[in-house]
Structures are given as structure tokens and as C-alpha cells.
1. Nearest 10 degrees is fine. How inclined is helix 3-36 to the longest principal axis of the chain, computing both from alpha carbons?
2. Taking every DSSP beta bridge with both residues inside the chain, roughly what % is antiparallel (nearest 5)?
3. Output the 0 to 90 degree angle, nearest 10, between the alpha-carbon long axis of helix 215-226 and the longest principal axis computed from the alpha carbons of the chain.
4. Pick from 165, 266, 89 the residue whose mean-square fluctuation is largest in a GNM of the chain, springs joining Cα atoms under 10 Å.
5. Among 204-212, 245-253, 53-61, how do they line up by average Cβ neighbours within 10 Å per residue, starting with the highest?
6. Please give the FRET efficiency for residue 269 paired with residue 291, using the beta carbon to beta carbon distance and R0 = 25 Å, rounded to the nearest 0.05.
7. So how do 256-262, 75-81 stack up, highest first, on mean other-Cβ count within 10 Å?
8. Please work out whether segment 92-171 counts as rounded, prolate or oblate from its C-alpha gyration tensor, where a ≥ b ≥ c are the square roots of the eigenvalues and a/c under 1.5 means rounded, while otherwise a/b larger than b/c means prolate and anything else oblate?
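Here, each number is a calculation from the coordinates, and none is a lab measurement. Treat the numbers as computed from the prediction; the structure is a model and nothing was measured. All Cβ positions, even for glycine, are placed from backbone atoms using ideal geometry, and neighbour counts span all protein chains on display.
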């Protein structure tokens, strides 16, 4: 594995590990505060954080597997493990969201509500601060190494910030006498969780199905290839994202009078330019046709 990929995967592992440890700490704080403070919103938020522990752990495992080099059975490497883990993360998130919605709705319908204690309020504030810091760190790394699973984990951290804000509002309202606001906030939290899970699922699905690359990436590849001397036309571009790595196939048109050796030299120039412009590209296959 090249130093570029190895460094990227190590950064991903480090960020996922940060998510696991911060989530374990917050889960303990939130669950204790939710039970002691009699807050359904905070208990819901605690289980949202429990889901975060699982998702960050899945992302960490995905990076571990993805680092394995290509072998006879997996000639393209093991990068797809990262996308698979992102999909598992999404399903966990959706199930947790549904469970929280059910529990909060049951309390709201039964009318068995009580004003939560101040400890629940304090836990919500702590969660907002810690989770926002974690989100900013993880989203920075995910963009740097172009990782879908780490990006999903980052947005899950951000959803936890939003859910803690909802919990804070609900707890405050309940403490002021509007006790229905606490379980209602739990339902709102569940909505955030389910929506986030659906977004993660969609992104992972696209990667596993080799969906077309973003238009900006396609344009960058096309411009990089088109400026290489000897390229008359860029006829087609296909991109496969495997983990944090890209596999690119390009079909170009060259002067029909060129020899095979001259055409081969053009393909080598293209590869050199693509690798220079996009360090997360693992391989480039160039098909040569008469212009």
C-alpha cells in the first residue's frame, strides 16, 4: 500500500477511534442524567449516542479491513469494506430512531409524564459541546481522505448535536410546566436519527452500485486528460469508488496515424497527470481509439 493510502486509512482509524471513546463517555453521562432526571428526551438522546458507539466501531473495523492489499480473490483490494460498513451503520441508525420514536410516543399517549431534573439539562449542554467538537474533527478528516463511511459517522455526530438541542428544548419546556414537551422532543430526536440513517444508506448504496461520480469530479478528470498532448478527444469516463480510493477508466481518441507505441506513450502521460492531480486514485485504465 502506498504511503498516501496508508496515511489516509490511519487518519480514518484515528477519527473513528475518537468517535468511539467520546460516545462511550457521553452515553454514560446521558443515560445516568436521563434516569436520574426522569427525562425521556435525554434517555432517547442517550440511546442515540449508543448507536453512535456502534457506528464509529463499524467504521473503525471497515478501515481495518479496507487496508488489506489486493489478493487473488479480491484483485481490486478490500476498499469496499468501508462502503459496506457505512451501509450497516445506516441500518443501525434507522432502527435506533424507530425504537426511540416508539418509546417516546407511548409515553406521550399514556400521559405518564413528569418534569425532568436539572441534571438532564446539564447533560444536554455537555453533549452539544462535545459532539460539535467531535463532528468538526471527523468531517475535516472525511473530506481530506474522501471517506463515505467517515463522512456518515461525522453527520451522525452532527445529528447527535441536533438531537441534544431538541432534548434541551424539550427538557427546558417540561421544567417550565409543559411536561408533554419532553417526550415530544424524544420523537423529534428520532426523526433526526431516521433521516440521517436514510441519507447514509443512500450514499453507501450509490458506492456499492458504482453510481456515476459527481459532475465536478468527472469534469476534473476530463480536463486533466484533455490537456495531455496527443489527446484529440475524451470519449468516455467511468469511475469506481472503492473505499477512499478511485479506479478510473478513460476512453480517448488519438490521431489514427499514430503507431501503437505512440498511443501507449499518450496513455502513460495521462496516467502520470491523473495521479499527480488526484492522489486518491489507485489505478487508471486508458482505452485508445482513432479520433
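1. 10 degrees
2. Counting DSSP beta bridges with both partners in the chain, the antiparallel share is about 50 percent.
3. The angle comes out near 20 degrees.
4. Residue with maximal mean-square fluctuation among 165, 266, 89: 266.
5. Answer by packing, highest mean first, reads 53-61, 245-253, 204-212.
6. 0.95
7. Top of the packing list down: 75-81, 256-262.
8. Taking the square roots of the gyration eigenvalues as a ≥ b ≥ c, segment 92-171 is oblate.
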